[in-house]
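Q: Pasting a structure here, questions to come.
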Amino acid sequence: MPPLTRWLVKAALLYFLAALLMGAAMQLPLAARVPLLGVLWPTYLHLLVMGWLTQLIFGVALWLFPRYTAEKPRGDERLGWAAFVLLNAGLLIRLVAEPRRALGVHEPWLLFASAAAQLLAAWAFVANVWPRVRER
Amino acid sequence: MPRLSIWMVRTALLALMAGTALGAVLLAAPGFGWPGVLRWRPLHAELLLVGWLVQLTLGVSWWILPRFRSGAERGPEGLGWLAFGLVNAGAILAGVGRSVGLDGLALAGRSAEALAAAAYAARAWPRVKPFR
C-alpha cells in the first residue's frame, strides 16, 4: 500500500470515528440544551460522506486502479497529495466554521475557503485518477 | 477494467466534480447574500450519493466480482448498461425534481434509480460466488 493511500485511509478512519461520535453526541439527552449540538447535522453528514467514504475511495482507488505507466504507476502523485491536503483542510475549516455560522457568527470568507479547498481536492483527485480509468 | 466499468467510473468522477462544485456554491454563497441557491441542495445530494458513491460502487464491483469460466466472463452486459443509463437519469431527474418542487419528476427519478438497482443486482447476483 503506497504512503499516500495509507495517509488517506487512516485519515478516513479518523473521520469515521469522529462522525459517529458526533452522531452519538447529537442524540444525548442534554443535546436539546446545548445549542452547538443542535446545529451539527450538516457537518456530521459531510464528515461521513466526504471525510470517511470519499476519502477512503480516494485512497483505495489510487492504490488499486490500473497503472498509469510502468515507470509512473500512479501518474502525477503531486495531484494526489494536493487532494489529500485540500480535502482535509477544507473539512477541518468546515468543522469549525459551519456550526459557527449556524450559531450566528458571520465569517463568509472562512466558509468560502472551506468550499474552495474541498472543490479543488475533488478536482485534483479526478485529474490524477482519470487517465488510469481504462483497460489494463 | 471492462468498458462498462470505465463508463461508470468516469461518469461517477464527473458526478463528483459537479456535486462538489454545487456543494461549494451551497456552502459559500449564503454568506455573500445569495441564499436562493439553497433550493438546489437535493440535486447536490443526488449527485454525490447516487451519481458518485453508488455509481462508483457499481462500476468497481462490475470489474472486481468473480467472473464466469465459460461464455462472456462477466455475463451478458445488457442489464449492466441499462443500470448505467437508469442510475444517471434517475439521479438527475430526482435531484432536479426535488430541487424545483416537481414531485412527479422526483418520483420518476427515484423509480429509475430503483430499476437501476434491480437491473444491476440481477446481473451481479450470479457472480457472488467463490473464486475458481
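Yes/no matrix, rows are residues, columns are (1) touching a Gly at 6+ places or on another chain (Cβ under 9 Å); (2) more than 8 Å from chain A (Cβ to nearest Cβ); (3) within 22 Å of A:TRP52 (Cβ to Cβ):
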{"site": "B:LEU13", "(1), (2), (3)": "no, no, yes"}
{"site": "B:GLY31", "(1), (2), (3)": "no, no, no"}
{"site": "B:PRO35", "(1), (2), (3)": "no, yes, no"}
{"site": "B:ARG39", "(1), (2), (3)": "yes, yes, no"}
{"site": "B:LEU47", "(1), (2), (3)": "yes, yes, yes"}
{"site": "B:THR57", "(1), (2), (3)": "no, yes, yes"}
{"site": "B:TRP62", "(1), (2), (3)": "yes, yes, no"}
{"site": "B:GLY71", "(1), (2), (3)": "no, yes, no"}
{"site": "B:LEU86", "(1), (2), (3)": "no, yes, no"}
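Q: Please indicate, with yes or no, whether at least one residue in region A:29-42 is within 11 Å of another protein chain (Cβ to nearest Cβ), open to solvent by 30 Å² or more (accessible area, probe 1.4 Å), of a type in the set (D, E, K, R) and over 26 Å from B:GLY51 (Cα atoms).
A: Checking region A:29-42: not a single residue is within 11 Å of another protein chain (Cβ to nearest Cβ), open to solvent by 30 Å² or more (accessible area, probe 1.4 Å), of a type in the set (D, E, K, R) and over 26 Å from B:GLY51 (Cα atoms).
Q: A follow-up question, please. What are the residues in region A:43-55 that are open to solvent by 30 Å² or more (accessible area, probe 1.4 Å) and in contact with a Lys or Arg (Cβ under 9 Å, 6 or more places away or on another chain), if any?
A: A:HIS46
Q: Further question on the same structure: Can you name the condition, by its number, that A:ALA102 falls short on among (1) touching a helix residue (DSSP H, G or I) at 6+ places or on another chain (Cβ under 7 Å); (2) in contact (Cβ under 8 Å) with a residue 24 or more places away in the chain; (3) more than 24 Å from B:TRP63 (Cβ to Cβ); (4) not aromatic (Phe, Trp, Tyr)?
A: Failing condition for A:ALA102: (1).
Q: Which of the following residues is within 13 Å of A:ALA121 (Cβ to Cβ) and crowded, with 18+ Cβ neighbours inside 10 Å: A:PHE65, A:PHE58? Show your work before the answer.
A: Numbers: A:PHE65 fails: within 13 Å of A:ALA121 (Cβ to Cβ).
Matching residue, one of A:PHE65, A:PHE58: A:PHE58.
Q: Let me ask something else about it. Does A:THR54 fit the bill of being under 12 Å from the mean Cα position of the chain (by Cα) and either at pLDDT 95 or above or more than 13 Å from chain B (Cβ to nearest Cβ) (or both)?
A: yes
Q: Go through region A:112-136 residue by residue and tally those that are facing chain B (nearest Cβ under 7 Å), open to solvent by 10 Å² or more (accessible area, probe 1.4 Å), more than 11 Å from the chain's Cα centre (by Cα) and over 25 Å from B:PRO2 (Cβ atoms).
A: Count: 3.
Q: For region A:99-111, how many residues are more than 22 Å from B:LEU22 (Cβ to Cβ) and surrounded by 15 or more Cβ atoms within 10 Å (Cβ to Cβ)?
A: 1
Q: For region A:78-98, state whether one or more residues are away from chain B (no Cβ under 11 Å), of a type in the set (S, T, N, Q) and surrounded by fewer than 16 Cβ atoms within 10 Å (Cβ to Cβ).
A: No; the residues of region A:78-98 include none that is away from chain B (no Cβ under 11 Å), of a type in the set (S, T, N, Q) and surrounded by fewer than 16 Cβ atoms within 10 Å (Cβ to Cβ).
The values are calculated or read from the model by the stated rules, or taken from the named source; none is laboratory data. Since we're looking at a predicted model, the values are computed, not measured. Heads up, the Cβs are rebuilt from the backbone with ideal geometry, glycines too, and the neighbour counts pull from every protein chain shown. Just the protein is used for accessible areas: all its heavy atoms, side chains included, with ligands, DNA and RNA removed. Shrake-Rupley method; radii C 1.70, N 1.55, O 1.52, S 1.80 Å.
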